[in-house]
Each structure stands twice: as structure tokens, then as C-alpha cells.
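Engineer: Sending over a structure as C-alpha cells; questions will come in a sec.
The values are calculated or read from the model by the stated rules, or taken from the named source; none is laboratory data. Values in this document were obtained by computation on a predicted structure and should not be read as measured data. Cβ sites come from the backbone with ideal geometry, for glycine too, and all protein chains shown count toward neighbours. Please note that ligands, DNA and RNA were not included when accessible areas were found on the heavy atoms of the full protein model with its side chains. Shrake-Rupley method; radii C 1.70, N 1.55, O 1.52, S 1.80 Å.
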Amino acid sequence: MTKSYKVRFLIPIFSWILFVSVLTPVKVFAATSPSLGSADSYSILAGSEVTNVGVTSISGDVGISPGIGAAPHYSGFGTVTLGGTIHDADANALQAQADKGVAFAALLAQGCDTDYGAVTTELAGMNLIPGVYCSTSFHLSSGVLTLSGTSADVWIFKSASDIIITGGIASEVVFSGGGLACNVWWTAVSSTTFDAGSSLVGNILADTSITLAAGASLEGRALARTAAVTLSGNSITSPNCTAPSSGGGGGSSGSRRRVVTPTFPPNLVYVAPSPELLSPQPLANVPKLPITGITLNYDVIAVFVLLGSVLGFIMFFSLRRKKAI
């Protein structure tokens, strides 16, 4: 095989590799919010009982199913301001638990975009994009967790054991870019515990119990399957599911949810664009992409790869036959 032949043979191969590498899309994992069904209206859902001490506000329904022992399966509600209805071991609570179980299974079925492994993952100080995050245990200790994304994005945190929020008022979750508490999900195979004064946003689906110490707040839902939900002078508000308008930051007033608007450093000076940039430009002057009107997916890529392989073989045997002649 001559050097000239080698070059002619390798050029189309390398050209095809470059072509496929440019066209192949980057696979992006997308977290998906499940439906809560009838559990959507519940702020609190417990398997055994709901107890409260102190002045607590709950914006949605409270349910207990199946409950342990004789009714009532809730206590301390004389100091609770309740915006919904209590369903104590009735058909509504039973259905809500069933629907919550379906949602729990749907969350567990989603693959991990980031898997921290068999460790306790500290979330304080992190800035996380949308996705599914997995760990043996999640802690938020004396710090801020920032969730960066839009109102359409979803964050899922799957713990193989527990979720613990400590550090008092120093521990909280904030949004950068317009994310919604409605699209944040926490699953714990064991329990979830809030330290006094701490706060969290999102839907908590715990397999056993959920405990909120004095002054802790939640913008979301506390849904426990088998055990109790314990309250102590807390604020539980329904999660915000509406994107903020252009004039406001959105969010519920009952929690410490904050929306962080990205700002530029103070030493940057805004310079107005020139008038020609603001005026409409003829379409002829607009640069065109080499490929337009095509939506690439993995089926399209497979077709390209197949065609390229066929063409490569044809070219290879054609060159060999030419050399033989």
C-alpha cells in the first residue's frame, strides 16, 4: 500500500468521524416531577399520627392513614391555624397515601445524574443545576443550598437513608433563575429531620417519619408513609407552582424562600449598543448555520452512522480494486 493510497483511504474515515462527532448531541438527563394525584392538596400526610406543640400554621390538608390505635390520630391542633381539612384514617387519606406511594416509586425509578455514593453529602455551599442527585444521606448544615434553573426545571434528591437539616436560620434553600419549590423533590428511605429554626423548600416523601423542631419552616409538603409527622411551632406552606411575573420574585410569604437574582460586579459599566445593532438587519446579512430545519436525535444519528459505514466500505473496496487494476 503506497503512501498516497493510505492518505486517500484515511481522509474519508477521519472526515466521517469528525462529521459524526459534531452532529452527535450531548445526552442530558432531565429530572421529571411526578404527579401526586389526590395527595397534591396535602401539606401533611402521616402513616401513624400527627402531633403538634406550639403555634403552627398549615396551609393545606392534613391526613393520617392508616393510623395506629383508636382515633383521633392527631393532637395539639388547638394552636394550629389550618387552611385545609383533616382526614383522619378516612378514604381520602387512604387514597392520598396510595397516590403518594406511586409518586415515591416514580422518583426512585429515575436514574441519578450525580451519584455521591455511600457517603453523607453536605449540601451547604453547593450551587446545583437541575437533575437527579443521589447519596446515602443528605445534610444541610449551617449553610445555603442554591438551586440554579428556571421555573420549568426540576431537582430531585434521593437519599438511601435520611435527610437532616441543621444549623437553624443559617440553613436554607434559595433559587437563582426563577426555580419553583413545586419542582423540588426529596425522597428518604428512612426519616427527615429539621433542626430548630431551619427551613427547606420542596416536597418531602419519607418512608418513615418527618420531624420539624421549634420554628422550622417548610414551603412544600411533608408526606410520611409509615410513621409520624411531628410539629413544634412551625410554618408549613403550600409550594409555589407559579412562575413569577416579570415584575416580582414570586414565592410564598410563609417561608424563608428567597429568589436570588444574578447581578454583575459593581466595577462593570453598562455601555449602550450602537444604533445599527438595534435597527432591523436584512435577512441576507444574517449568518446561516450550515444545517437548518433539522432536529437531530439518536435515530437520525444512527441513520448517518449506517450510511457512513456503507459509503466507507464502498470507498475502501473501490480503492482496492483500482489499485489491483
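Every residue, every condition in (1) within 26 Å of SER151 (Cα to Cα); (2) at pLDDT below 95, yes or no:
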position	(1), (2)
SER4	no, yes
ILE11	no, yes
LEU36	yes, no
GLY54	no, no
ASP61	yes, no
ILE64	no, no
THR85	no, no
ASN92	no, no
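Engineer: Moving on to the next point. Does the range 158-184 hold any residues that are hydroxyl-bearing (Ser, Thr, Tyr), surrounded by fewer than 21 Cβ atoms within 10 Å (Cβ to Cβ) and in a loop (DSSP other than H, G, I, E, B), and which are they?
Structural biologist: Within the range 158-184, SER161 is the sole residue that qualifies.
Engineer: Which count do you get for residues in the range 115-141 that are of a type in the set (Ser, Thr, Tyr), open to solvent by 30 Å² or more (accessible area, probe 1.4 Å) and over 22 Å from GLY179 (Cα atoms)?
Structural biologist: Total satisfying the criteria: 3.
Engineer: If we scan the range 133-153, do we find a residue that is of a type in the set (D, E, K, R), at pLDDT 95 or above and in a strand (DSSP E or B)?
Structural biologist: no
Engineer: Just give me the residues in the range 190-205 being on the phi > 0 side of the Ramachandran plot and open to solvent by less than 10 Å² (accessible area, probe 1.4 Å), in sequence order.
Structural biologist: Within the range 190-205, just GLY202 meets the criteria.
Engineer: Please find, among THR226, THR187, the residue that is open to solvent by less than 20 Å² (accessible area, probe 1.4 Å), touching a residue at least 60 places away in the same chain (Cβ under 8 Å), more than 19 Å from THR81 (Cβ to Cβ) and among the hydroxyl-bearing types (Ser, Thr, Tyr).
Structural biologist: Of the residues listed, the single one that is open to solvent by less than 20 Å² (accessible area, probe 1.4 Å), touching a residue at least 60 places away in the same chain (Cβ under 8 Å), more than 19 Å from THR81 (Cβ to Cβ) and among the hydroxyl-bearing types (Ser, Thr, Tyr) is THR187.
Engineer: Another one. Looking at SER235, SER217, SER199, which one is within 28 Å of THR150 (Cα to Cα) and in contact (Cβ under 8 Å) with a residue 60 or more places away in the chain?
Structural biologist: None of the others qualify; the one that does is SER235.
Engineer: If I ask for residues that are touching a Leu at 6+ places or on another chain (Cβ under 9 Å) and either of a type in the set (Gly, Ala, Ser) or open to solvent by 50 Å² or more (accessible area, probe 1.4 Å) (or both), which ones from the range 84-100 would you list?
Structural biologist: Listed by number, the residues that qualify are ALA93, ALA96.
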